[in-house]
Structures are given as C-alpha cells and as structure tokens.
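S.K.: Before we start, here is the structure in question, set down as structure tokens.
Throughout, read-outs are computed from the coordinates displayed, never taken from laboratory work. Computed from a prediction, not measured in an experiment: that's the story for all the values here. Every residue, glycine as well, gets a Cβ built from its backbone with ideal geometry; the counts of neighbours run over all protein chains shown.
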Amino acid sequence: MKIKVIILSISLVILTQTACEIEPVVDPDNPTLAGVLTNASKAQLRVLVTGLEARSRGYFENATEMFGSFAREVAPFFASDPRFGNDWYGTTTYPDFFASNGTYLTPYLAVKQANILIQSVNNTSAVTAEEAAGYIGFAKTMKAYQLLWPLMQQYQNGIRIDVEQTLNPGPIVDYSTALAAIRSLLDEAKTDLQAAGSSFDFNLTMGFSSPAEFLKVNRAIAARAALYAEDFTGALTALNESFMDMAVTPGTREKMYIGPVHVYGNSPDVENPLFYIKDAPTNTILIVHPSMIDDLLPGDERAEKFFQRTNIVNYGPIPFPGEYQDNRWETNSDPIPFIRNEELILIKAEAEARKASPDFAAAFAAINVVRNTWGLADYTDGTPTVDETIEEILFQRRYSLWAEAGHRWIDLRRTGRLDAAHVDLTYDRGDPPSSTELISQVARRASETNWDENN
C-alpha cells in the first residue's frame, strides 16, 4: 500500500509569530499503515481484503514457469536473458538463484498483508465478533497458502514462518516443522471460519464468498498440505470437508474446474500471466515441453491444452524448437483456478493408495473419474501395488495439473522420482543425457544467510 503524507506549508514568518506546533495531515485517499492498525473502519478492512487477494496472485507465474522448467513441463523461451534457459534448465543452485523472487519474496508480501489484516481486525471495534472471525479465518487461510510457496521452493533448506516483525523475524525452521506450522494455521483458520456466522462482512473475487463455502477452500488446501506431509488419513478427512465432487463425467467435465480462482484484468490491474496470443511471432513465450506431446495417450482429450504453432520459435540456450504453446486461455483477463476439483480427486486417489491399509478399489475409482472424463478407458491392475498405482496417479497429475504452479516438480520430488527415469532430459542434454543431475531445491538466499550471521 502506498503511503503518502501531506505536510502543511507555512511560511517562516507565520511560524515565528505563532507558538503552535504544525502536525502532519494524512491524505485520506492514501491512508498510512498506522491508520489501519488502530481502530480501522469496515471500509479500510475491506480494502485490506482486496489487497490480500491481489497480492496472493503473485506466486503463480514464477511457480508455473520455474518449477515447471525444473520438471520439464514447460520451456522458458524468454529471449530477454539467457539465464532462463541456462539456470532453469541447468543444475546450479547457487544463492540468489536467478528470477526466483516470485516464489519466495512475493508470497511473503502476501503474508505481510495477511498479518496486517489480522492485526487491524484485532485492534478495531468496528466489527462484531462474528465478522472479525470471518476476516481472520480468511487471512489465516491465505497466509498459510502463501507460505507453501517459499517452502516448496526451498524444501529441505526450510523457511521462516514467523515474519510478523520485519526487523526481528523468527528463525528458519526445517521443512517438516514449517509444514506442520502451515497445517496448524489452516486448522486455526477453520475454527475461525466456523465461528464467522452465515456471511462475510466483505466480498471475494475468487468465489466461495461465505464462511461455510470458504471453509471448503481451507479444507482443500489442508488436504494438499496433508498429502505433502504424508498424512494420508488427514488428507482424506480434509477432502471430505472440502468442495471435492466425485460425480464428474465426460458430459460434466466443467466440474473438474470447480474451485477458487485468481482474477485478472487489464491495466492498471494485472493480466493473466500465462496468456500468449496464439501463434504470434515472438521471442518471449512459454513453450510446452515436447515430452508432454510425446507421452500423450491416444484419445486423451487433455491434448486440447496444447496449441501447435505454425511459427516455430527458437531460443539459443535451449536446443530444441518451440512447437507447442499453452491453449487454455482465450483472453489476457481469464481467471486462473489455484486449487480445483480435479486435483482433489487425484489427492484422494493417492491418499487411498498410500494410507497404512491401502484401498486400491477406492484409489482406482478416483483415477478412473479423471481418466473417463478425458476420454480414457479405466485403469485396471490385477495385482495392484502401491508403487505402480502411484506411477499411474502421477501420470494423471502430470496432464491434469500441467502448468498449474509446478505440481510436477513437487510431485516427483516428494515421491522420490525426481530423476532421469521420470524427467526426459534428452531434448536438452542429449541421448543419453550428458548429465542426469536435477534441481531439487533452490539454494538459500544470500540475504537470509547474511541476516542470520549479522543479527
């Protein structure tokens, strides 16, 4: 939020003639931070909610492009800088990794916005207890979701969870501790949302605009976090409280896209970061990795996501042509779902297969909802194993969740499959690949290391 202060300009003569003190006058159109932290009005709180929604979109582009490059979902044909190809397709993980702010610094800005909203609600008498619970439940949910992104980037390096005091942040905690804290925050938010009454005191552009409906979003995010923590029973419990809908068929495939969205618009708003004009001559475009085309199963209607270009593009640091681009977006203001029904169905499949006593029938049923919806026959296995079933689930996730904030990289890493057997390196490293080393995490930032060493 931009802060602007207007100081009255008074001549030295007047100042010398009067003994009064001149105080700053705050511009009412651009309130200071102090103006919302103490006894904020409802209008101010609603602006903070809007700001949190806006800030919460920032991670998506970088997660899709950078994480997607690591796992060879996409190829960044960005001629503005060769490091997009050299670093994102390379093996280097040095401090201050190139162009990684979007999944580190940017989410923390949203976390800061959430913290300000929570503090403002706690320090005002303008809202009832129910209304306050709604604000806080929303803020904590979005804060937890945003903290997932630096954690997914840093992985075993860990992250800071406590960043409420800018000049006195909490320590960097390890992956498991951070994930547990995120899950705990989601549970706190659940309690707040349950106490928030029947309606919010604010509107949301992402949909799910009541406490009961937004609680389903909270539980969807909790299911994803539980899967990452390998708490499969917890994931299934959260799914049952989410917006998951298993009743999807080829005739109702739009139900796969049920879920909250990031909303975009034209200037001065932010445009959909994944939209590119079809087949436009350009030297800056996100390309579909050719292995995505190679590995498509016959009849898989998810092929509709990929547009074959006539104007084939080239980019020096990546030694293959760009033949396909993203075909999902019609305009530069199309909204983007950030967690949706199709992912939840696939979380259910994985949780059923990996829980202590696997239920392969339930796992296969969930897998087949996805397969059948996109024109594929049932998956069957006469003597199912967990490992084989996970391979199938990850294959479905690869196409269902393609270029949706880097799921493929996270999935392969968390299941121990981030290797040349599962990531096609032949297009950029030769056949056989000259190197099979893959990036598993971005190195801890030099600024973080320097802070800890000097404070």
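S.K.: Which one of these does Ala63 not meet: (1) touching a residue at least 40 places away in the same chain (Cβ under 8 Å); (2) assigned to a helix (DSSP H, G or I); (3) of a type in the set (A, V, I, L, M); (4) farther than 24 Å from Thr415 by Cα?
M.R.: Every listed condition holds for Ala63 apart from (4).
S.K.: Any residue at all in segment 187-196 that is under 30 Å from Asn450 (Cβ atoms) and not hydroxyl-bearing (Ser, Thr, Tyr)?
M.R.: no
S.K.: Can you confirm whether Phe84 is touching a helix residue (DSSP H, G or I) at 6+ places or on another chain (Cβ under 9 Å), part of a helix (DSSP H, G or I), closer than 30 Å to Asp424 by Cα and of a type in the set (A, V, I, L, M, F, W, C)?
M.R.: yes
S.K.: I would also like to ask the following. Among the residues of segment 114-127, are any within 16 Å of the chain's Cα centre (by Cα) and either under 22 Å from Ile161 (Cα atoms) or crowded, with 24+ Cβ neighbours inside 10 Å (or both)?
M.R.: yes
S.K.: Quick check: anything in segment 34-56 surrounded by 23 or more Cβ atoms within 10 Å (Cβ to Cβ) and in a loop (DSSP other than H, G, I, E, B)?
M.R.: The answer is yes, given that some residue of segment 34-56 is surrounded by 23 or more Cβ atoms within 10 Å (Cβ to Cβ) and in a loop (DSSP other than H, G, I, E, B).
S.K.: Oh, and also: Just checking: which of the helices (runs of 4 or more DSSP H) contained wholly in segment 380-455 hold 3 or more residues that are without any contact (Cβ under 8 Å) to a residue 60 or more places away in the chain?
M.R.: Correct list: 386-400, 446-454.
S.K.: Which of the residues that make up segment 196-211 are under 20 Å from Ala40 (Cβ atoms) and hydrophobic (A, V, I, L, M, F, W, C)?
M.R.: Ala196, Phe200, Phe202, Leu204
S.K.: Filter segment 272-303 down to the residues that are among the small types (Gly, Ala, Ser) and either in a loop (DSSP other than H, G, I, E, B) or out of contact with any Asp or Glu (no Cβ under 7 Å at 6 or more places or on another chain) (or both) and list them by number.
M.R.: Within segment 272-303, Ala280, Gly299, Ala303 meet the criteria.
S.K.: Determine whether Tyr379 is over 26 Å from Val217 (Cβ atoms) and in contact with a strand residue (DSSP E or B) (Cβ under 9 Å, 6 or more places away or on another chain).
M.R.: Criteria not met by Tyr379.
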